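Asks: Just dropping this structure here.
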Amino acid sequence: MSDLHHLSVAQLADGLKNQQFSSVELTDHFLKRINKLDEKINSFITVDEEGARQAAKAADEKRSAGDTSALLGLPMAHKDLFCTKGLLTTSGSKMLHNFVSPYDATIVSNIREAGAVCLGKLNMDEFAMGSDNESSYYGAVHNPWDTSRVPGGSSGGSAAAVAAGFVPFATGSDTGGSIRQPASFCGLTGMKPTYGSVSRFGMIAYASSLDQAGTFGRSAEDCAYLLQPMTGHDPRDATSIKREVPDYIADMHSAVKKADTDKPFAGLRIGVAKEYFGQGLDTEVDSNVRNALKQYEDLGATIVEVNITDPAITLATYYMLAPAEASSNLSRFDGVRFGYRCEEPKDLADLYTRSRSEGFGDEVQRRILMGTYALSAGYYDAYYTKAQKVRRLILEDFKKAFDKCDVIASPTAPTAAYKLDTALDPVTMYLGDVYTIGVNLAGLPAISMPAGFTESGLPVGLQLIGNHWDDSKLLSTAHIFQQHTDYHTKLSATAQESI
């Protein structure tokens with residue numbers, strides 16, 4: 001059973017169902033890989049071996065008693081900004097280095113109730129502010145395809161853990177591309193659902209109107225398995241929408257059955273915007289994405305030209321609004337109630353100043369300062385209010401595009417994974433989100449999936465963007481493509497290592 005981590009989520013679920021292996025055996029397999037190989041990847045902040053083995057034993061007992069739940073006994077892990085009762089929840093920051101959550105985030109309790117086994121908490125850019133996972137207080141995460149390169153961010157630990165074969169799937173969060181960009185860099189499928197479809201209760205906030213929990217897996221089907229229990233209305237989250245939850249797996253199977261064998265995408269209109277293929281796009285990324293679109297065409301899809309807001313405008317809008325919300329959300333971390341507290345403060349002002357300056361890293365401080373400035377008297381209308389108006393126009397441009405097409409396709413990121421310590425200029429790092437942030441500003445669902453490789457063997461991601469509440473359609477569109485291609489089956493160098 002040395003290659004259990006090569007199996008898909010569906011294959012692992014079938015193996016448990018058919019008693020080919022137990023959840024305890026499966027959990028031990030992944031824990032052994034983490035213990036042996038994660039030293040060079042640094043994807044985990046906390047590994048909960050005892051809790052995982054207890055949960056796996058309980059899952060085996062439930063299955064013996066007749067429980068057939070799809071996720072029962074399957075190992076997974078959470079990005080370390082989802083509060084998990086009894087476990088360290090740090091958001092990758094020194095500010096929360098000693099915070100053990102007294103409660104579960106809604107998605108954590110939902111996934112536990114579905115029977116999945118949590119192996120631990122995953123590394124991330126501090127407070128989800130970053131695109132390379134180098135800002136974590138717990139050290140940079142390394143890409144399992146090439147450990148000298150970044151895995152993307154901010155959910156880099158989640159992406160790296162799945163790509164390395166440490167877990168079959170994992171949760172992440174996406175505020176401006178923090179699921180999709182790491183999925184692209186690590187050769188995975190990453191799903192950012194429609195804003196409001198997944199509860200944010202218990203998720204440490206960066207920018208509340210943009211943050212959305214989502215999933216990583218090797219395939220769209222893997223993502224759908226984990227997304228299913230996560231989705232649904234939660235009265236504890238004011239932004240959670242009360243709406244019927246689709247059966248993602250059933251919808252996938254139905255879409256496959258209905259599709260023509262030779263032309264499964266007949267009738268599908270894929271919008272392509274020239275704005276997503278402009279200056280700054282790496283030539284190898286461009287050619288791989290265009291080749292994937294040609295494969296969609298060969299399978300029956302129609303490519304139509306659409307127009308969306310210039311990504312430069314979208315980028316500027318995002319980096320005005322997101323830091324403003326961060327400034328507000330992170331004001332609670334003041335050294336008084338919980339988290340990091342400076343030593344021997346002289347007075348209250350010194351307590352606040354030193355606790356925050358010592359507890360927050362450079363990038364977090366940079367965004368707080370940017371946001372505080374945008375919200376300050378005399379600049380609020382000139383910057384923040386104007387950016388909110390532009391945000392509305394970005395949404396309107398997407399709506400017009402969807403009048404002409406069913407999904408919009410683009411590169412996920414302008415480059416493949418770059419070397420560690422090369423994005424020293426913050427603006428260079430920010431440009432890595434240029435194709436993904438519009439989705440968050442508009443609250444749309446989007447998915448990134450593998451679409452080829454560079455000459456040096458690095459993965460390239462294709463992004464598909466759907467209209468509001470078209471999450472199931474997006475997953476099915478990616479799933480059918482993956483039935484006719486093998487990009488998602490390729491394994492990273494770390495995943496190919498045996499233990």
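Asks: Set the Förster radius R0 to 30 Å, insert the Cβ-Cβ distance between Lys419 and Thr283 as r into 1/(1 + (r/R0)^6), and round the FRET efficiency to 0.05. The partial results should precede the final answer.
Replies: Numbers: r = 18 Å, r/R0 = 0.61.
The formula returns an efficiency of 0.95 here.
Asks: Quick check on the range 169-287: what does the Kirkwood estimate of hydrodynamic radius come out to from the alpha carbon pairs, in Å?
Replies: Result for the range 169-287, one decimal place: 16.4 Å.
Asks: Taking only pairs that are 8 or more places apart or on different chains, how many Lys pairs in the range 1-133 have Cα atoms under 19 angstrom apart?
Replies: Count of close lysine pairs: 12.
Asks: Then there's this: Looking at the square roots a ≥ b ≥ c of the eigenvalues of the Cα gyration tensor of the range 423-488, which shape do they give, rounded for a/c under 1.5, prolate if a/b is larger than b/c, or oblate?
Replies: The shape class here is oblate.
Asks: Then there's this: Quick one: divide the alpha-carbon radius of gyration of the range 48-156 by 2.2 N^0.38 Å and tell me what you get. Present the calculation step by step, with values, prior to reporting the outcome.
Replies: Working: Rg = 15.5 Å, N = 109, 2.2 N^0.38 = 13.1 Å.
Taking N as the residue count of the range 48-156, the ratio is 1.19.
Asks: Name the long-range amide H neighbours of Val306: under 5 Å, sequence gap of 5 or more, or other chain; modelled H, no Pro or chain starts.
Replies: Val272, Ala273, Lys274
Asks: So, one more: Along the range 38-52, what does the Karplus equation 6.51 cos²θ - 1.76 cosθ + 1.60 (θ = phi - 60°) give for ³J(HN,Hα), rounded to whole Hz, x for Gly and Pro?
Replies: 6, 4, 8, 9, 6, 7, 9, 8, 10, 10, 9, 5, 5, x, 5
Asks: May I ask for the distance between the Cα centers of the range 55-116 and the range 271-337, given as a whole number of Å?
Replies: If you average the Cα positions of each part, the centres end up 31 Å apart.
Asks: Convert each backbone phi in the range 106-111 into a coupling constant with the Karplus relation 6.51 cos²θ - 1.76 cosθ + 1.60 (shift: θ = phi - 60°), then list the ³J(HN,Hα) values in order as whole Hz, x for Gly and Pro.
Replies: Working through the residues one at a time gives 4, 5, 5, 5, 4, 5 Hz.
Asks: 5 Å is the cut-off here: which amide hydrogens, built 1.01 Å from N in the peptide plane, fall below it relative to Ser219, excluding neighbours closer than 5 in sequence?
Replies: Thr189
Asks: Rounded, prolate or oblate: which fits the range 227-319 when a ≥ b ≥ c are the square roots of the eigenvalues of the alpha-carbon gyration tensor, with rounded for a/c under 1.5 and prolate only if a/b beats b/c?
Replies: Here the range 227-319 falls in the oblate category.
Asks: May I ask you to compute the full-extension gain from Glu305 to Gln483, defined as 0.36 nm times their residue separation minus their alpha-carbon distance, rounded to one decimal in nm?
Replies: That pair, Glu305 and Gln483, stretches by 61.5 nm at full extension.
Asks: Still on this model: Using Stokes-Einstein with the Kirkwood hydrodynamic radius over Cα pairs, what translational diffusion coefficient do you get for the range 1-101 at 10 °C and a viscosity of 1.306 mPa s, in µm²/s rounded to a whole number?
Replies: For these conditions, the coefficient is 107 µm²/s.
Asks: Which order do the peptides 4-16, 321-333, 344-356, 207-219 come out in when sorted by mean C-beta neighbours inside 10 angstrom, highest first?
Replies: 207-219, 321-333, 4-16, 344-356
Asks: Whole-Hz ³J(HN,Hα) for each residue in the range 453-464, computed from phi via Karplus 6.51 cos²θ - 1.76 cosθ + 1.60 with θ = phi - 60°, x for glycine and proline: what do you get?
Replies: Going residue by residue, I get 9, 6, 4, 8, x, 8, x, 10, x, 9, 9, 10 Hz, with x marking Gly and Pro.
Asks: Within 10 Å of each residue's Cβ, count the other Cβ atoms and sort Asp222, Asp470 from fewest upward.
Replies: Asp470, Asp222
Asks: I want the local charge near Thr231. Using Cβ-Cβ distances under 13 Å, sum +1 for each Lys or Arg and -1 for each Asp or Glu among the other residues.
Replies: The answer is -2.
Asks: Where does the chain land at 222 nm, in deg cm²/dmol rounded to the nearest 500, when only DSSP H runs of n ≥ 4 count, each adding -39500 (n - 2.57), divided by all residues? If you can, show how the numbers build up before the last one.
Replies: On the way: 16 runs with 187 residues, N = 499.
Value at 222 nm, helices only: -11500 deg cm²/dmol.
Asks: Normalising by the residue count of the chain, find the relative contact order in percent from Cα pairs under 8 Å and 6+ residues apart.
Replies: Once normalised by length, the contact order is 18 percent.
Asks: Let me ask you something else. Applying 1/(1 + (r/R0)^6) with R0 = 35 Å to the Cβ-Cβ distance of Thr428 and Arg337, what FRET efficiency is obtained, to the nearest 0.05?
Replies: That gives a FRET efficiency of 0.45.
Asks: Please list, or write none, the aspartates and glutamates whose alpha carbon is within less than 12 Å of the alpha carbon of Lys419, excluding same-chain residues fewer than 8 places away.
Replies: Asp132, Glu134, Asp146
Asks: Under 19 Å Cα-Cα from Lys274, which aspartates and glutamates qualify once same-chain neighbours fewer than 8 residues away are excluded?
Replies: Hits, sequence-local ones excluded: Asp282, Glu284, Asp286, Glu297, Glu305, Asp310, Glu396, Asp397, Asp403, Asp406, Asp433.
Asks: On a straight-distance basis, which lysines could pair with Lys263 in a cross-link, Cα separation under 18 angstrom, same-chain partners fewer than 8 positions away excluded?
Replies: Lys294, Lys473
Asks: A follow-up question, please. Once the Cα atoms of the chain are picked out, what are the Rg and Dmax in Å?
Replies: Spelled out, the Cα radius of gyration and Dmax of the chain are 21.4, 74 Å.
Asks: Shifting gears a bit: Taking other Cβ within 10 Å of each residue's Cβ, how do Phe398, Phe21 sort, fewest first? Could you put the intermediate results ahead of the total?
Replies: Working: Phe398 22, Phe21 16.
Arranged by neighbour count, lowest to highest, Phe398, Phe21 become Phe21, Phe398.
Asks: With just the Cα atoms defining each centre, how far is the range 5-28 from the range 357-411? Give it in Å.
Replies: 43 Å
Asks: Estimate the FRET efficiency between Ala10 and Asp381 by the formula 1/(1 + (r/R0)^6), using the beta-carbon distance for r and 35 Å for R0, to the nearest 0.05.
Replies: 0.10
Asks: Which of Leu321, Pro414, His97 sits farthest toward the positive end of the charge dipole of the chain, with +1 on the Cβ of Lys and Arg and -1 on the Cβ of Asp and Glu?
Replies: So the residue furthest toward the plus end is Leu321.
Asks: Tally Lys/Arg at +1 and Asp/Glu at -1 over every other residue whose Cβ is under 10 Å from the Cβ of Leu87; what's the total?
Replies: Values: positive: Lys85, Lys121; negative: Asp48, Asp80, Asp104.
Neighbourhood net charge equals -1.
Asks: Taking a ≥ b ≥ c as the square roots of the eigenvalues of the Cα gyration tensor of the range 274-323, is the shape rounded (a/c under 1.5), prolate (a/b larger than b/c) or oblate?
Replies: On the way: a/c = 2.97, a/b = 2.00, b/c = 1.49.
Here the range 274-323 falls in the prolate category.
Here, each number is a calculation from the coordinates, and none is a lab measurement. These figures come from a predicted structure and were not determined experimentally. Positions of Cβ are backbone-derived with ideal geometry, glycine not excepted, and every protein chain shown enters the neighbour counts.
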